[in-house]
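What follows draws every value from the coordinates through simple rules; no lab data is involved. Just so it is clear, the model here is predicted, and its values are computed rather than measured. As a convention, Cβ positions derive from the backbone with ideal geometry for all residues, glycine included, and neighbour counts pool all protein chains shown.
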Amino acid sequence: MPFVKIGDVAALPPGQVMEAEVAGNAYAICNVNGELFALDGTCPHTGGPLGQGTLEDGRLICPWHAWEYDCRTGANDYDESLKLASFPVKIESGDILIDIP
Ligand code: FES
């Protein structure tokens, strides 16, 4: 699938998370010190909306029960074998684009 626009980079300042939905699937877009990461937006614990979570030191924190994931790798902080899928992300003309399967 080609890159798909999911939002405006001006709406995602450093330290913030944005929720995006494409074709019925949720994604969490994280801005870590100006670098963007796109992760699966559904927490594997019990389905929490990760795009509504918070960022702390490059970790995405689930809003439901505070499981934490490394934005760069998608890995859970307690169990690194538990990984969120991650997707290529780029900025073009102020738009955030993600490449999803
Ligand atoms: S649903 Fe994410 S930590 Fe429980």
Compactness index (Cα Rg / 2.2 N^0.38 Å), region 3-99: 0.97
For region 17-48, which GluC sites (Glu not before Pro) are both in a DSSP coil and crowded by at most 10 other Cβ atoms within 10 Å? none
Label point 7 Å out from Ala10 along Cα-to-Cβ: which residues of region 71-101 have amide N under 12 Å? 94-95
Loop-resident chymotrypsin sites (Phe, Trp or Tyr not before Pro) in region 22-101 with no more than 13 other Cβ atoms inside 10 Å, DSSP not H/G/I/E/B, are Tyr78
Sequence-distant residues sharing a close amide H with Leu82 (under 5 Å, placed H): Asn76
So between Glu56 and Phe3, what do we pick up on full extension, going 0.36 nm a residue minus the alpha carbon distance? 16.3 nm
